[in-house]
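Quick note: the coordinates plus some simple rules give every number you see, no bench work behind them. Note that this is a predicted model, so its numbers are computed, not measured. Please note: Cβ atoms are built from the backbone with ideal geometry, for glycine as well, and neighbour counts cover all protein chains shown.
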Amino acid sequence: MQSGKGEILFPIFCFSKSRKDGRELSPYFKYILGKLKWYVLIFFAALFLNFFLPRLIPGNPISALVAQMAGGGASSDVLNKLYNSYIHEFGLDHPWYVQFIDYVVKVFHGDLGTSFSLYPTKVNTILAQALPWTIALQVPSILLGWILGNILGALAAYKKGKFDGTLFPITLFVSSIPYFCFAIILLYLFGVILNILPIGGGYSMALTPTFSIVFLTDALKHYLLPFLSLLLVIIGGQAIGMREMSIYELNTDYVRYAKLLGVSDKKIIRYVFKNAMLPQITGLSISLGTMVGGALITEIVFSYPGIGTWLFNAIRQQDYPLIQGGTLVITISVLLANFLIDIVYGIVDPRIRASQLEE
Amino acid sequence: MKVKKLVAEVENLKAYYKVKGRILKAVDGVSLGLRDGEVLGIAGESGCGKSTLAMSLSGLFLPPLKYYGGKIKLKDIEISKMDRKLLRKNVLGKKISFIPQSAMNALNPTLKIRNFVIDVLKEHEPELSEEEIIDRVEERFDSLSLSKRVINSYPFELSGGMKQRVITVISTLMNPEILLADEPTSALDVSSQHQIIKLIKTLLERRIVKSVVFITHELPLLRHIADRIAIMYAGQIVERGTTSQIIFSPLHPYTKMLMSSIITPEKGMKGKELPVVSGSPPNLYEIVAGCRFAERCPYVTEECKINEIKFHKIGDREVRCLHPLTERNGINAAK
Amino acid sequence: MELLRSLIKSRKFLIGTSIFLALLLTSLIFPLVNSSDPLEMVGLLYEPPSAEHVLGTDNFGRDVLIEFIYGMKTSIFVGLVAGLIATLIGTTIGVIAGYVGRLTDNILNSTTNLFLVIPSFVILILLSSSLKSRSLLFLAIIIGITSWPWTARAVRAQTSSLRTREHINMAKLNGMNNFEIMLSEILPYVSSYIFMAFVLQVASGILSEAGLSMLGLGPSDVVSLGTMLSWALLYEAVRTGAWWAFFPPTIGISLITFSLLYMNTGMDEIFNPRLRGE
C-alpha cells in the first residue's frame with residue numbers, strides 16, 4: 001500500500017531536525033505541523049493562481065464590464081471615463097506584483113471586491129449568503145455517501161455471490177452517470193412526472209428564510225432531490241473503491257494467519273474494514289475537488305441558491321469579481337476539508353506516526 | 001531407537017483447488033504419521049503442493065482450496081470434517097498451530113502485537129482478562145529471551161527476523177501439540193534463520209509444542225532440525241526416511257536432485273556424484289499415468305510410464321520408485 | 001500480444017470497448033451520410049419527436065438527433081485530446097519523479113500533490129471565463145493541462161516500485177543513460193497502467209467539458225453534449241417536460257463514461273493480479 005507516506009514538503013520548508021531546546025515534539029504533532037505548512041503553501045499557490053490565471057488571457061475584464069454597463073448609446077468619452085475610473089478602482093494601473101500584494105492584503109481583510117452584476121453589492125455579502133446552502137448540501141451528502149458507500153462496498157466484498165454479483169454492475173453504472181445527469185433524471189422523474197417534489201430553488205418563493213417550522217419543512221422538501229442525487233452517485237463511487245480494497249485486504253497474509261490461529265470472522269472483518277478504509281480516506285481527500293465540482297453543477301440543475309448557482313449567474317453576466325471570489329471560497333473550503341481529513345488520517349493510521357519517527 | 005507414540009495421523013488426504021471449473025490436485029493422497037517429540041521435515045520444489053499440505057493439515061480448507069477425501073486424526077479426533085466453528089475454537093491455535101510462509105505480511109499492519117494477542121487468546125479462552133493475557137504473554141516472551149517491549153509495538157516497527165520470532169511465539173502461546181511451520185526461514189538472512197531454528201528447538205525441548213512439521217524447499221536445511229523427512233513431488237510423498245537416510249543416501253532420483261540443487265554442498269557431500277536434473281514440476285491439472293517424475297528422471301524406463309507407482313519398502317524406508325538408487329548408494333536392500 | 005489476448009478474454013473490457021467504438025463510429029460516419037448542419041433551425045421550439053425529427057427539436061427549433069450525434073463527436077474529441085495531453089504530461093512527470101527520485105521527485109511530487117488538492121475545475125473556470133469565445137481545441141487543451149496530476153501520481157508510484165529491479169541495474173551497468181533507461185526499461189513496464197490511466201482521463205475529460213458547458217463555459221463554435229444539456233436547462237426543457245431535449249445528451253454522456261469505466265475495470269482485473277503476482 002502506497003498511501004500513508006503523505007506529501008513530502010520541499011526541503012526548504014522543513015525546520016532543522018535537532019531542536020536546540022531539547023524538547024521532543026510528539027510525532028503526531030510533527031505530522032500535523034508538516035501538513036499545516038504544506039497547506040499554507042498550497043493556500044498561497046491557490047491565491048496566486050486565482051489572481052494570475054484570469055490575467056493570463058488577453059483582453060481584460062474591465063473593457064467587457066464597461067461595454068456591458070454602457071449597453072448602447074453612451075459616447076466614447078463617457079465610456080473612457082467609466083473605463084478609467086474602473087481601472088483605478090480595481091487597481092489595474094499598477095504593476096502586477098503590486099496588484100497581487102494588494103489582492104492578498106484585501107483577501108486577508110476578508111475583502112473579495114465588488115460585484116459587477118449586482119454593483120455595488122460586495123462579493124462577500126453574496127457569497128456569505130450562498131455558502132451555508134452549499135455547505136448544508138455538500139457536507140452531509142459527501143460524508144454520508146462516503147460512509148454508506150464504504151459499508152456497502154465492504155459487504156459486497158465479504159458476501160461475494162449474489163449480493164456482489166447483482167450489486168456491482170448496478171453500482172458501476174450508477175456511479176458512471178455524471179452527478180448533473182443523474183440530477184436531471186431525478187428532477188424530471190420526481191419533480192415533473194410524479195410531481196411530488198419541488199422542481200428547484202432552496203425554498204418556496206412565497207416564504208422568507210426564518211427558523212419557522214413551515215420554512216424548514218419547505219426547505220427540506222427542496223433539499224431532498226439535490227441531496228439524494230449527490231448521495232446516490234457518491235455511494236456508488238465509494239462502494240466500488242471500497243469493494244476493491246476489501247477484496248484485496250481479504251486475500252492478505254494477515255487474514256489467513258489470523259484464521260489459522262482460530263480468530264473469528266467478526267474480528268477479522270474488523271481488521272479488514274479498518275485497513276481497507278485507510279486508503280479510502282486518502283481517496284476521499286484526493287477526489288474531494290471533483291466531488292465538490294460535481295455538486296456545484298448539481299446546484300445549477302436545481303437552481304439551488306448555493307455557490308454553484310451564483311457562479312453560473314456570475315459567468316453568464318461576466319461578473320469577474322464574483323467569479324474569482326467564488327472560486328477562491330471553493331478552493332479554501334476544499335483545502336480546509338483536506339486538512340481535516342489529514343488530521344483524522346493521522347489519528348487512524350499508526351504508520352503515519354512511525355514513518356515520521358524514522359526520519 | 002524406541003518408536004514414540006503417534007500424535008497425529010494423516011491418511012490418504014486429498015485437497016484440491018477448484019479454479020474456474022478446473023481442478024488442481026495439489027495434495028493428492030498424502031499419508032503421514034507424526035510422532036511425539038519429533039520434527040518432521042517436508043521438502044519439495046515450489047509448486048509441489050507442500051504449502052497446501054501444510055494448510056490442509058490444520059483442517060481449515062480456505063477457498064479455493066477444497067477437501068476431497070482422507071483423514072486427519074489428532075489422537076482420537078478426526079478434524080478433516082469438523083465443523084468450522086468448532087475447529088476454530090477448539091483446534092486451531094490450541095492443538096494445531098501454524099507459522100505462515102511470509103512473516104513480513106502475516107501481521108495486521110495497523111494492530112499492535114498486544115491487541116492481536118488479546119484477540120487470539122480471547123477467542124479460545126474468553127474468561128481471561130486482558131491483564132492476565134498480557135501477563136502470560138510477557139512471561140512467555142521473557143522465558144524465550146525476547147524483549148517484552150515488542151508486545152507494545154506495531155508490526156512495521158519490527159525487523160523481518162524479529163517479526164518471524166514474534167509470530168513463532170504467538171503461534172505457540174497456547175501450547176499446541178502440533179506446530180506447522182511453512183517455510184518459516186526462507187525470507188530471512190542466515191543469522192535470523194539460525195535464531196528461528198534455535199527457537200523452534202527450544203519450544204520442543206520445553207515441551208511447549210509436542211511435534212513440528214517443518215516445510216521447506218531447501219532440503220539441506222532440514223539436516224539441522226528434522227528427525228525424519230518426507231519428500232514431496234507433484235502432490236504426493238515420494239520418499240520417507242530418517243534425516244540422515246534421506247540426505248546422505250537418497251533413494252528417489254528426485255530427492256537426489258533436490259540435494260544437488262544447492263550451490264555449495266555441505267560437509268559429507270563433497271566428491272559425490274550430483275547429476276543435475278532440469279525441467280519443472282508437472283502440470284497438476286492433468287496428471288499423467290505412471291510415475292509423476294518420469295519426464296524429468298534420468299533413470300526412466302518404459303515400465304515407469306504405465307501404472308501409478310506405489311510405495312516400495314526397502315528395509316525401514318519407503319520410496320515411490322521402480323528403480324531406487326540402492327545399488328548406486330551401496331545400500332543393502334535386505335537390511 | 002499475450003496481453004492483447006487476455007484483454008479480449010475479458011467480458012468487461014469487450015463490452016466497454018464495443019459500446020465506446022459503436023458510439024465513436026456512429027458519430028464519425030453519420031456526418032458523412034447526412035450533411036445537415038446541426039445548428040440549422042428546422043422547426044419550432046420543442047417539437048416532440050415525429051417522423052421528420054426522430055428526437056424532436058430543441059429550444060432553437062434545431063433537430064435534436066443531428067445535434068446529439070455531432071455533440072457526441074465533439075465530446076469524444078475533447079475527451080481524447082484532453083486525455084492524450086494529460087497522459088503525456090502525467091507520464092513524463094511521473095516517470096521522471098519515480099525514477100530519478102530525491103530532490104527531483106520531491107519537487108515534482110509536491111507540485112503534483114499541489115494540483116491534486118487545488119480543484120482543477122476552479123482553474124478551468126478561471127482560465128475560460130475571461131474569454132469571450134472559446135474554441136473546442138482550447139477547451140480540450142486546458143482540460144488536458146489541468147488533469148495530468150492523476151496520471152502522474154499513478155505512474156510515479158509504479159515507476160518507483162520498479163526502480164530497484166534487477167533489469168534496471170543491468171541496464172545501468174551496460175552503460176545506458178537515464179533517458180534510455182526510462183524509455184526502454186521503465187515505460188514498457190508501466191504501459192498497462194498508462195493506458196488504463198488514459199482511458200480514465202478520456203472519461204474525466206468528457207465530464208469536465210460537460211461540466212464547463214453546464215456552467216456556460218462550453219465551446220462557442222460547436223455543439224457538445226454538455227452545451228445541449230446547458231441549453232435544455234436554461235430554456236426550461238426539464239420543467240416543461242420536453243424530455244427529448246435532455247434525455248439524449250444525458251444518456252449519451254452516461255453511456256460514454258460507463259463504457260470507458262467498464263473498459264477500465266476489465267483491464268484492472270487482468271493487469272492487477274498479473275502485476276501483483278510478480
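Taking the Cα centre of the protein assembly as shown as origin, sum charge times position over the Cβ atoms of Lys and Arg (+1) and Asp and Glu (-1), and report the length of that vector in debye to the nearest 20. Don't jump to the answer; show the numbers that get you there.
Values: 94 positive and 77 negative charges, 800 e Å.
Value, rounded to 20: 3840 debye.
Need the list of aspartates and glutamates near B:Lys25 for cross-linking: C-alpha distance under 17 angstrom, and skip anything on the same chain fewer than eight residues off.
B:Lys25 reaches B:Glu11, B:Glu45, B:Glu286, B:Glu308.
Where the eigenvalues come from the Cα gyration tensor of the stretch C:63-270, what are the semi-axes √(5λ) of the equivalent ellipsoid, largest first, in whole Å? Don't skip to the end; give the middle numbers.
On the way: eigenvalues 303, 63, 31 Å².
So the three semi-axes of the stretch C:63-270 are 39, 18, 12 Å.
Taking amide H positions as placed in the peptide plane 1.01 Å from N, state which residues far from B:Ala230 in sequence (5 or more) or on other chains have amide H under 5 Å from it.
Under 5 Å from the amide H of B:Ala230 lie the amide H atoms of B:Gly41, B:Ile42, B:Ala43, each far enough along the sequence or on another chain.
Compute the angle between helix B:130-143 and the longest alpha-carbon principal axis of chain B, please, reported from 0 to 90 degrees and rounded to the nearest 10.
The answer is roughly 50 degrees.
Under 27 Å between alpha carbons, and skipping anything fewer than 8 positions from C:Lys73 in its own chain: which lysines qualify?
Within the straight-line limit of under 27 Å, C:Lys73 reaches these lysines: C:Lys12, C:Lys132.
Count, for each residue of C:210-219, the Cβ atoms from other chains sitting within 10 Å of its Cβ, then give me the mean as a whole number. Mind showing how you got there, number by number?
Values: counts 4, 9, 3, 1, 11, 11, 8, 3, 0, 0.
Counting Cβ atoms of other protein chains within 10 Å of each residue's Cβ and averaging gives 5.
With respect to the cross-link table entries B:Lys18/B:Lys89; B:Lys4/B:Lys89; B:Lys112/B:Lys201; A:Lys266/B:Lys14; B:Lys71/B:Lys305; A:Lys159/A:Lys274, which display a Cα-Cα separation exceeding 19 Å? Could the numbers behind the result be given before it?
Details: B:Lys18/B:Lys89 27 Å; B:Lys4/B:Lys89 29 Å; B:Lys112/B:Lys201 27 Å; A:Lys266/B:Lys14 29 Å; B:Lys71/B:Lys305 29 Å; A:Lys159/A:Lys274 17 Å.
Listed pairs above 19 Å: B:Lys18/B:Lys89; B:Lys4/B:Lys89; B:Lys112/B:Lys201; A:Lys266/B:Lys14; B:Lys71/B:Lys305.
Taking H as built 1.01 Å from N, whose amide H comes closer than 5 Å to the amide H of A:Thr114, not counting residues under 5 places away?
Long-range HN contacts for A:Thr114: A:Val123.
Quick one: what are the phi-derived ³J(HN,Hα) couplings along the stretch C:206-214, Karplus 6.51/-1.76/1.60 with θ = phi - 60°, whole Hz, x for glycine and proline?
Result, rounded to whole Hz: 5, 5, 4, 4, 4, x, 4, 4, 4.
Mind checking the mean number of beta-carbon atoms from other chains within 10 Å of the Cβ atoms in A:296-304?
Working: counts 7, 11, 1, 0, 7, 5, 2, 2, 0.
Mean partner shielding for this stretch: 4.
Cross-link partners among aspartates and glutamates for B:Lys122, C-alpha distance below 12 Å, same-chain residues fewer than 8 apart left out?
Counting by Cα, and skipping residues close in sequence, B:Lys122 has these aspartates and glutamates nearby: B:Glu130, B:Glu131, B:Glu132.
I need the trypsin sites (Lys or Arg not before Pro) found in the stretch B:170-231, filtered to DSSP loop residues with at most 12 other beta carbons within 10 Å of theirs.
Those satisfying the criteria are B:Arg206, B:Arg207.
Mind listing which GluC sites (Glu not before Pro) in the stretch C:1-94 are in a DSSP loop and have 14 or fewer other Cβ atoms within 10 Å?
On the way: sites: C:Glu2, C:Glu40, C:Glu52, C:Glu67; in loops: C:Glu40, C:Glu52.
When the GluC sites (Glu not before Pro) of the stretch C:1-94 are filtered for loop state and at most 14 Cβ neighbours within 10 Å, C:Glu40, C:Glu52 remain.
Which of C:Ser220, C:Ser147, C:Ser208 moves most in a GNM of chain C, Cα contacts under 10 Å?
Largest GNM mean-square fluctuation: C:Ser220.
Which residue fluctuates most in the GNM of chain C (Cα springs below 10 Å): C:Leu225, C:Leu39, C:Leu207?
C:Leu39
How far is helix B:160-171 tilted off the main Cα axis of chain B, in degrees rounded to 10, range 0 to 90?
80
DSSP loop (so not H, G, I, E, B), at most 15 other Cβ within 10 Å: list which GluC sites (Glu not before Pro) in the stretch B:283-313 pass both filters.
On the way: sites: B:Glu286, B:Glu295, B:Glu302, B:Glu303, B:Glu308; in loops: B:Glu286, B:Glu308.
Sites meeting the loop and neighbour criteria: B:Glu286, B:Glu308.
How many angstrom separate the Cα center of the stretch B:189-222 from the Cα center of the stretch B:121-137?
Between the Cα centres of the stretch B:189-222 and the stretch B:121-137 lies a distance of 27 Å.
With axes computed from alpha carbons, what is the tilt in degrees of helix B:190-205 against the longest principal axis of chain B, rounded to the nearest 10 within 0 to 90?
Tilt of helix B:190-205: around 80 degrees.
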